[in-house]
Amino acid sequence: MIEVKLEELADQKGTLVSHSPWLTVTQDMIKAFADATGDHQWIHLDVERAKRESPWKSPIAHGYLTVSLISRLNPQALKVIGPTATINYGLNKLRFPSAVKSGSDIRTKVQLLDVNQVDEHRYMASYLTTVEIKGEDKPACVAENLVMYVV
């Protein structure tokens, strides 16, 4: 994990890169996400059918489950010191180049693109976050995510 003070974050534009620890995406996580969202497609939940019929020969995580894990993984890759609150502000771009098979290990690679002071109490940072899959060439997710820091 990299730790950086908020007032020094702008000095890191274009150079700050950090990785989160690996996280295993379990079938239980996939089922819980399906239950929370109502998305019960067989490619996510029917293990035996997915092994037989899906192109991945395994159940896969929902794309939005994968992107939702950014908020869990990125704070383990980068800690910004100084804000009283850190707010997920949204996404500018989002792509899912590869599926995450149940049981796969993923991590985030976090790159600081930009940071600007919005007003005397808020800073907006944009990060290029790549969700990598252990042992795979293509990432699961590439997102430009926005974070609002409140001081």
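Readers should treat all values here as calculations from the given coordinates under stated rules, not as data from a laboratory. Here the structure is a predicted model, which means the values were calculated and not measured. Heads up, the Cβs are rebuilt from the backbone with ideal geometry, glycines too, and the neighbour counts pull from every protein chain shown.
Please list, in order along segment 80-89, the HN-Hα scalar couplings obtained from phi with the Karplus expression 6.51 cos²θ - 1.76 cosθ + 1.60 (θ = phi - 60°), rounded to whole Hz, x for Gly and Pro.
Computed from phi, the couplings for segment 80-89 are 9, 8, x, x, 8, 8, 10, 10, 5, 9 Hz.
How large is the helix-only mean residue ellipticity at 222 nm for the chain, computed as the sum of -39500 (n - 2.57) over DSSP H runs with n ≥ 4, divided by its residue count, in deg cm²/dmol to the nearest 500?
Values: 6 runs with 40 residues, N = 151.
Value at 222 nm, helices only, nearest 500: -6500 deg cm²/dmol.
So which residue, out of Thr24, Thr66, Thr129, gets the largest mean-square fluctuation from a GNM of the chain using Cα contacts under 10 Å as springs?
Largest GNM mean-square fluctuation: Thr24.
What is the set of long-range amide H partners of Gly103 at a cut-off below 5 Å, with H atoms built 1.01 Å from backbone N?
For Gly103, whose amide H was placed from the backbone, the distant partners under 5 Å are Val25, Thr26, Gln27.
For the chain, set up a GNM with springs between Cα atoms under 10 Å and report which of Gly135, Gly82, Gly63 has the largest fluctuation.
Gly135
Take the Cα coordinates of segment 1-86, assign each an equal point scatterer, and use the Debye formula without solvent to give log10 I(q)/I(0) at q = 0.13, 0.14, 0.20, 0.23 Å⁻¹.
Per q value, in the given order, log10 I(q)/I(0) is -0.59, -0.64, -0.90, -1.06.
For the chain, calculate the relative contact order in percent as a whole number, restricting contacts to Cα pairs under 8 Å that are 6 or more residues apart.
Numbers: 337 pairs, mean separation 44.7, N = 151.
The value is 30 percent.
Could you identify which residue out of Thr15, Thr108, Thr130 has the top mean-square fluctuation in a GNM of the chain using Cα springs shorter than 10 Å?
Result: Thr15 has the largest fluctuation of those listed.
Can you give the FRET efficiency for Glu7 and Arg72, using 1/(1 + (r/R0)^6), R0 = 22 Å, r = Cβ-Cβ distance, to the nearest 0.05?
0.25
Rg to Rh for the chain: what is it, with Cα atoms only and Rh by Kirkwood?
We get a ratio of 1.04 for the chain.
Gain in length, Met148 to Val47, computed as 0.36 nm per residue apart minus the alpha-carbon separation, to one decimal in nm?
Result for the pair: 32.4 nm of gain on full extension.
Are there any trypsin sites (Lys or Arg not before Pro) in segment 91-137 that are in a DSSP loop and have at most 12 other Cβ atoms within 10 Å? List them by number.
Taking segment 91-137 and a limit of 12 other Cβ atoms within 10 Å, the loop trypsin sites (Lys or Arg not before Pro) found are Lys134.
Angle check, please: helix 27-37 long axis (alpha carbons) against the longest principal axis of the chain (alpha carbons), in degrees 0 to 90, nearest 10.
Once rounded, the angle reads 70 degrees.
How much net charge surrounds Lys31 when only the other residues with a Cβ under 14 Å from the Cβ of Lys31 are counted, with Lys and Arg +1 and Asp and Glu -1?
Surrounding charge for Lys31 is -4.
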